Structure formats: C-alpha cells, structure tokens
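What follows is calculated from the coordinates using simple rules that are stated; it is not laboratory data. As the structure is a prediction and not an experimental result, all values here were calculated from the model. Quick reminder, even Gly has a Cβ in these numbers, built from the backbone with ideal geometry, and neighbours come from all protein chains shown.
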Amino acid sequence: MTFPTDQRSIRAGGARAPAGETPDLVELIEVACNRIYGLARHTPVARLPRDPRVPTSVRAYAKLEHLQVTGSFKLRGATNKILGLSPPAAAAGVVTSSTGNHALGVAAAAQYRGIGAEVFLSSQVPEAKRKKIASYGARLRTVGDNPLDAEIAARAAAEESGRTYVSPYNDREVVAGQGTIAVELMRQLGQVDAVFIAAGGGGLISGVGTYLRARSPETEIVGCWPENSRVLYECLRAGRIMEFPESYTLSESTAGGVEPGSITFELARAAMHRAILVSEDEILDAMKWARQRDWVIEGSAGVAVAAFLRQAARYADKTVAVIFCGGNLSPEVQARLQ
C-alpha cells in the first residue's frame, strides 16, 4: 500500500511558527532534543550483518532503541511529556495506559521528576512487564481484556481526578519525543534513503516520519505491521478511524486499537510512503536472525526487520535504517525463540 505525499499537516520545511501560533511538530521535536537527554540516552546505530537476502551494495543499519534506558523508544515520548509539565500539573501526578513499554517510560520519567504515576493495564500485559513497571514506583490497575479498554478507563480516571493523561501515541509532546530518533539518525548516518518503522498506534512513525519528511524529504518512510494486528493500517486504508479484528501476535507492543480522533491518523497518513504487512513466521524468523547476531529484540522490532529483509532487493546502492524499537520480551515470546 502506498500513501500520498500531502504535507498539509506539516509546516513547509519545518519553519518556525509565527509568534502567537501553535508550534508545529517539527519544531516540537527539536525542542524535545533539548529536554529528554537528562534521562533518555542517544542510542547507537550498527551496520546490519551480511545476509543472502540483502544485496551487497545495500548499506543497512539498525537504530538500537532496544538499548534505551527502559528497553524501548517509548521512554523518549514519556520523558518529553512529563518533563514539559508545569509545576502544578506535575504535582497532581500523571495517569497512563499501555501494553507495557509506554508504561515503563512513564513510570521512569515520573520517578525521575519525583511525581506520582498510575498505570492502567489490560489483562494481556505479561506479569514480567507488570513487575518491571512497578519497580519504578508506579501504581498499577488492571482494566479490560484489550489495550483500548485500559486506555479509555485511564483517560476517564485522569479527567475525574484532574491529573494529566499521558497517551502512548495521541499527544503531540509524546510524538515529538519519539521524533528525536530521526534527529539522531540524520546526525549519525547523514543521508538516509529509507527507514523501516513498526507501527502500532502510530506515535513512532508519526514523529520520525514527520521530521524526516520536513528535513530529509527524499527519505522513504516505510510503515510495518504484523498481519495479525494491523488496526491503524486498516484505518488508513479506509480513510477513517475504525475498529478492526486482531489475533495474537508476537509484536505485543504494537497490538491494540486506535483511539477515536487520534492525531496519529493524519500524521501517519501524511508521513508514510509505503506500508508492509508481515506474517508471524516472518517476525519470529527475524527475531531469531537478530538473536544469532547478539541482538535481543522484541516482536515489534522483529516486524521492521522482517519487512526490510523481504524488501531489501529494492535498495541496491542505498542507505537504509531499521528501527529496533524495543527489546522487552515476555516469557511467552522468549520461549518461542528457543
């Protein structure tokens, strides 16, 4: 599936907003680069090893976000949002919902700022992730059997209590934090011809894609989904946010629906050039491929790797980046890698 290059949601060239006007997302991403690194870290890039599916002329790199402080890129967006809160808003505390990685980011950022955090989780979240979130001092609540149920309940609790809800994706400051990856990629690699990005609710691809569209318009943005869990993909195909059935996927971190009215619908549609669906077998093979090379990545990162390995022949003589978005594996997924 291909997408139009309509840039209506991005200020041309990423120019600064006039006085009194809301800053555009590109500007917010650049501001985030001056805010998040007290807690988040610059992650390295590494050349992908040779593989018979990849032409020798392809310069392929991994952006190693699984080495981030909490094991996922999600820390960036959560940190940007929480460190940007006013003192009164911070003192009231924050609420979030998550399949795990965003909750880890919120809990870590709240602990770093010294404020309270409450996390709503669905019953799908593995016990290992629950314990890790709790280790950062967050209070946990279990609501519903899917991530969207937990998200709706968390938003209601935040509104009733006057606390700030920190969305996993439907928030400009969160998206801006994720977009700092694009700034780093440009500094580390210079010209990048294509970036492969796993997409769940769309926060990562919206941030990275928006920045690259503005600052490196020749870069192709490739969105990657598991066939079994592709709600945003189907929303983009349909031209509206809607429900779409899901089944089990190794890509636990991208599972779940898209909140009605989410900003990432328009942002992802404007940012993305192509979309690719991959099977569970391809995801598992990609994770095993990475593990053989001493990279322990979770299923969402495996989605991007699998998509690249299938499409690598398109990129002869080009530079490609694959975002290894996380490395927090549940025990069930770890068992599949044996």
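See the values below:
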{"item": "Equivalent ellipsoid, region 74-166 (semi-axes from 5 times Cα gyration tensor eigenvalues, Å)", "result": "19, 15, 10"}
{"item": "Within the chain, helix-based [θ] at 222 nm, where runs of 4 or more DSSP H residues each add -39,500 (n - 2.57), nearest 500", "result": "-12500 deg cm²/dmol"}
{"item": "Spacing of the two label points (7 Å from each Cα toward its C-beta) at Ala91 and Ser57, in nm", "result": "6.3"}
{"item": "Computed magnitude of the charge dipole of the chain (debye, nearest 20; Cβ of K, R +1, Cβ of D, E -1)", "result": "880"}
{"item": "Rg ratio (alpha-carbon, reference 2.2 N^0.38 Å) - the chain", "result": "0.92"}
{"item": "Net dipole in debye of region 114-200 [+1 Lys, Arg Cβ; -1 Asp, Glu Cβ; about Cα centre; nearest 20]", "result": "340"}
{"item": "Backbone N under 17 Å from the Asp281 label point (7 Å along Cα→Cβ), restricted to region 217-237", "result": "226-228"}
{"item": "Ser161 versus Asp294: modelled label distance in nm, points set 7 Å from Cα along the beta carbon direction", "result": "4.4"}
{"item": "Cβ-based exposure ranking for Thr264, Thr56, Thr319, in which fewest neighbours within 10 Å come first", "result": "Thr56, Thr319, Thr264"}
{"item": "Under 23 Å from Lys131, Cα to Cα: lysines that are on another chain or at least 8 residues apart", "result": "Lys74"}
{"item": "Residue order, fewest to most surrounding Cβ atoms within 10 angstrom, among Arg293, Arg113", "result": "Arg293, Arg113"}
